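Engineer: Quick one: the structure is below, and I'll ask about it shortly.
Derivation of every value follows stated rules applied to the coordinates shown; laboratory data play no part. Since this is a predicted model, take the numbers as computed values, not measurements. Ideal geometry is used to build each Cβ from the backbone, glycine not excepted, and the neighbour counts take in all protein chains shown.
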């Protein structure tokens, strides 16, 4: 019975995700006039396949194997189902018989509909086959994929983003370093901080300290202060400096339902 | 020849239609953007429901799902919540400024992992236990994200010509994706000798076939790992 339940839910999820991803990807080609969604790398990769149905299909297939292995191993689809598999396969279906990308890949209606169909098939396939595969394979994914992905998230990605920020000019480098370091201290990963640093640095480079960039930096600092507080960073900081934590601070944390040691 | 002319006239028709309706046509308009975000994030949130209930189907990478799993296992949701929430925030800002919302950071990680972590940390399990509630929660969150983005766009993009470093982040994102292949071979080689050999062969073959090295490394590791299994301990 569980299999039927998984199948029905998978088809619903696949259709919802597929229409969003397909239409969002097609809208990206009309950005910034039209607000699209997907990713810069998705846009670049879709362009790289140059409107060739076979290239779109095999590009998607490469990541499909990856997603399949990860689903089997850890129950995680990888982000590539949304970023690469659905948009590329939808494009390859639409572009068979040599149709122009302008009439297919760039049309949110066509991409949305075909994306929904591809989404249903892919999500149902991944969910159903993964639950039917033996556990011995799971050990491999956990032993191989998880350590590799952990290395990627920390320290590889922070370093690459950080170096990109340093190379992008003085302001990006400075704010990237400040917020990147703070993000690692507070959130345990520097990437969000470095990204925000680049946003601020390049924003100021391009348009100076105007209302937009000032609002941006205020909200970023607010984000850092709030997440520091909610993760108990203030108390850890005091403790590691061998200072007494004031009672009112502990009470404030308790008031908001946070455990304090 | 006749089919070609037919196609050309077809194109002319669609192009004129596009030019007239770009801002009013449902498929292109600003007002419909939140609807598309809602559909996608509804599916992604329901995917997290699938993972919560059946341990399969989360729309994210292993490492990020592992953060949520660590919370479910009792190690605290702080990492997943902070990681997801900060990504969501950063991507909403960036997405509205550059015209492309990064669904990986905003929806898949922010709404798919960050929000569930926050809910579970506060002891709210219903949206993750119940499929219908999961769909509705995801759709509602998506609508909010979509409207916030359209709102920010109205107030910023028209007043500023900056891309806010989108190209730099795009380059860094692509560069880090390339690391995954070699990293998988390295960790496969640390797992066991046969698995390591399998992943080396897989990576090499995929490279020659001009396919992503990461995919070949995983497949090779899994094939030899199926023949020479290792235990989880």
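Engineer: Please list A:37-43, A:212-218, A:47-53 highest first by mean number of surrounding beta-carbon atoms within 10 Å per residue.
Structural biologist: With the highest mean Cβ count within 10 Å placed first, the list reads A:37-43, A:212-218, A:47-53.
Engineer: What's the average, rounded to a whole number, of partner chain beta-carbon atoms within 10 Å of each residue's beta-carbon in B:84-96?
Structural biologist: So the per-residue partner count for this stretch is 5.
Engineer: Also, I was wondering about something else. Is the shape of the stretch A:109-249 best called rounded, prolate or oblate, per the rule: a/c under 1.5 gives rounded, else a/b larger than b/c gives prolate, else oblate, with a ≥ b ≥ c the square roots of the Cα gyration tensor eigenvalues?
Structural biologist: The shape class here is oblate.
Engineer: Also: Using alpha-carbon positions, what is the distance between the centroids of the stretch A:147-174 and the stretch A:91-110, in Å?
Structural biologist: When both Cα centres are located, 36 Å separates them.
Engineer: Restricting to Cα pairs below 8 Å that are 6+ residues apart, what does the relative contact order work out to for chain A? Please round to a whole percent.
Structural biologist: After rounding, I find 18 percent.
Engineer: I'd like the mean, over residues of B:136-147, of how many other protein chain beta carbons sit within 10 Å of each residue's own Cβ.
Structural biologist: 1
Engineer: How big is D for chain A, in µm² s⁻¹ as a whole number, if Stokes-Einstein is applied with the Kirkwood radius of its Cα pairs at 10 °C and 1.306 mPa s?
Structural biologist: Rounded, D is 74 µm²/s.
Engineer: Then there's this: Taking each pair of distinct Cα atoms in the stretch A:2-133 once, what is the resulting Kirkwood hydrodynamic radius in Å?
Structural biologist: With all distinct Cα pairs of the stretch A:2-133 included, I get 14.5 Å.
Engineer: Further question: In nm, give the distance between the simple-model label positions of residue A:47 and residue A:239, each being 7 Å from the Cα along the Cα-to-Cβ direction.
Structural biologist: 5.0
Engineer: Any idea what % of Cα-Cα pairs in the stretch B:168-227 are farther than 17 Å?
Structural biologist: 37
Engineer: Using alpha carbons only, how many angstrom separate the centre of the stretch A:17-57 from the centre of the stretch A:220-250?
Structural biologist: If you average the Cα positions of each part, the centres end up 43 Å apart.
Engineer: Moving to a separate point now. For the protein assembly as shown, what is the mean residue ellipticity at 222 nm derived from helices alone (per DSSP H run of n ≥ 4: -39500 (n - 2.57); sum divided by total residues; nearest 500 deg cm²/dmol)?
Structural biologist: Mean residue ellipticity at 222 nm (helix-derived): -23500 deg cm²/dmol.
Engineer: Something else now. Need one number for the stretch A:150-230: average projected area of the convex hull over its C-alpha atoms, nm².
Structural biologist: Mean projected area for the stretch A:150-230: 4.9 nm², to one decimal.
Engineer: Take A:254, A:99 and order them by how many other Cβ atoms sit within 10 Å, fewest up front.
Structural biologist: Lowest to highest Cβ neighbour count: A:254, A:99.
Engineer: Using only Cα atoms and rounding to the nearest 10 degrees, what angle (0 to 90) does helix A:53-74 make with the longest principal axis of chain A?
Structural biologist: Compared with the principal axis, the helix lies near 60 degrees.
Engineer: Something else now. Taking the square root of 5 times each eigenvalue of the Cα gyration tensor, what semi-axes in Å does the equivalent ellipsoid of the protein assembly as shown have, largest first?
Structural biologist: Result for the protein assembly as shown: semi-axes of 34, 30, 22 Å.
Engineer: I'd like to compare A:194-202, A:230-238: which one has the highest average count of other Cβ atoms within 10 Å, and what's the full order after that?
Structural biologist: A:194-202, A:230-238
Engineer: Hey, got the average number of other protein chain Cβ atoms within 10 angstrom for residues in A:159-165?
Structural biologist: 5
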